Amino acid sequence: MSGSVVVAGLGPGRETLVTPEVEAALAEATDVVGYIPYVARVAPRAGLVLHPSDNRVELDRSRHALEMAATGRKVVVVSSGDPGVFAMASAVFEALEAGPVAWRALEIRVLPGITAMLAAAAAAGAPLGHDFCAINLSDNLKPWALIEKRLRLAAEADFAMAFYNPRSKSRPEGFARTLEVLNETCRDARPVLFARAVSTPEQSLRIVPLPECTPEMADMRTMVIVGNSATRVIEGPAGLWLYTPRSA
């Protein structure tokens, strides 16, 4: 087959954080597929067709991309951040596995991007400087009981933790329960970073001791990073630095 699918990460927001490899793939694309606000980040040009779609249709979007590639199109599926972190790469391979065997002859590449977790950590210092885990707090695709089990075990293991999709209007109770679990398990005042709209003009960083955290401090544009028991806060000239020692 002459068509191809590239699954590309657009980074957390700032144009300078898009990799040259992703820029080159977009320059060669005939079609760009993705969630509406991510496709809007791709500049229109002659010969390029944009296919924006709503949230929660990842498999439909993936099948559409594979179908177009099977006809010879050069399709780029875009995600924010990194496409392999709670994003479109997994959905594309899920659609590939369930689809026609002929699709498996397609050229498929996954191009990494700077995910929100890493951009937020860098903006605040180095809170993920030693062992850490990332947990998606959305229960759209997995039961809340599984999320809570992983939260508790990660806290018991004293990992630093990065939380994606912490709190939405339709499920505000999940992050409230997350804070309850962390306070019950950690029983200390370890620092928590609330990094909102990282790498955009609206970026804001806030470091709060765990017992003082409230659910309203997070929304869907917020990356929450919880330090481990050894994570430190340092006073800097323009605010606070946050880091986890490499020996922690």
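Calculate how many DSSP beta bridges within the chain are antiparallel, expressed in % of all such bridges and rounded to the nearest 5. Around 45 percent antiparallel, to the nearest 5. Rounded to the nearest percent, how much of the accessible area of region 164-235 (1.4 Å probe, protein heavy atoms only) is carbon and sulfur? Using a 1.4 Å probe with all protein chains present, region 164-235 comes out at 50 percent carbon and sulfur.
Applying the criteria of a DSSP loop state and at most 13 other Cβ atoms within 10 Å to the trypsin sites (Lys or Arg not before Pro) of region 1-78 yields R45, R56.
Note down the magnitude of the dipole of region 123-245 about its Cα centre, charges +1 on Lys and Arg C-beta and -1 on Asp and Glu C-beta and zero elsewhere, to the nearest 20 debye.
Values: 14 positive and 14 negative charges, 56 e Å.
For this selection, approximately 260 debye.
For region 130-203, GluC sites (Glu not before Pro) are listed when DSSP marks them as loop and at most 14 other Cβ atoms sit within 10 Å of their Cβ; the list is E202. Under 1.5 on a/c is rounded, so check that first for region 141-248, then, if it is not, pick prolate when a/b is larger than b/c and oblate when it is not; a ≥ b ≥ c are the square roots of the alpha carbon gyration tensor eigenvalues. Oblate, since a/c reaches 1.5 and b/c is not below a/b.
At 0.890 mPa s and 25 °C, plugging the Kirkwood radius over alpha-carbon pairs of the chain into Stokes-Einstein gives what diffusion coefficient in µm²/s?
Numbers: Rh = 19.2 Å.
For the chosen part, D equals 128 µm²/s.
Remark: the chain carries 49 Å² of accessible area per residue (probe radius 1.4 Å; ligands, DNA and RNA excluded).
Kindly work out what percent of the DSSP beta bridges joining two residues of region 94-207 are antiparallel, to the nearest 5.
Details: 5 of 10 bridges.
Bridges in region 94-207 are about 50 percent antiparallel.
A Förster radius of 25 Å combined with the Cβ-Cβ distance from S204 to E15 puts the calculated FRET efficiency at roughly 0.80. Taking all Cα-Cα distances within region 2-93, those exceeding 20 Å account for 24%.
Taking region 164-219, which trypsin sites (Lys or Arg not before Pro) meet the DSSP loop condition and have no more than 14 other C-beta atoms within 10 Å? Mind showing how you got there, number by number?
On the way: sites: R167, K169, R177, R187, R196, R206; in loops: R167, K169, R187.
Those that pass, being in a loop and sparsely packed, are K169, R187.
Surface composition of region 1-130: carbon plus sulfur atoms hold 57% of the accessible area, using a 1.4 angstrom probe and ignoring ligands, DNA and RNA.
The values are calculated or read from the model by the stated rules, or taken from the named source; none is laboratory data. Nothing here was measured: the structure is a model prediction, and the numbers come from that model. Ideal geometry is used to build each Cβ from the backbone, glycine not excepted, and the neighbour counts take in all protein chains shown. To get the accessible areas, we keep the full protein, side chains included, count just its heavy atoms, and leave off ligands, DNA and RNA. Shrake-Rupley method; radii C 1.70, N 1.55, O 1.52, S 1.80 Å.
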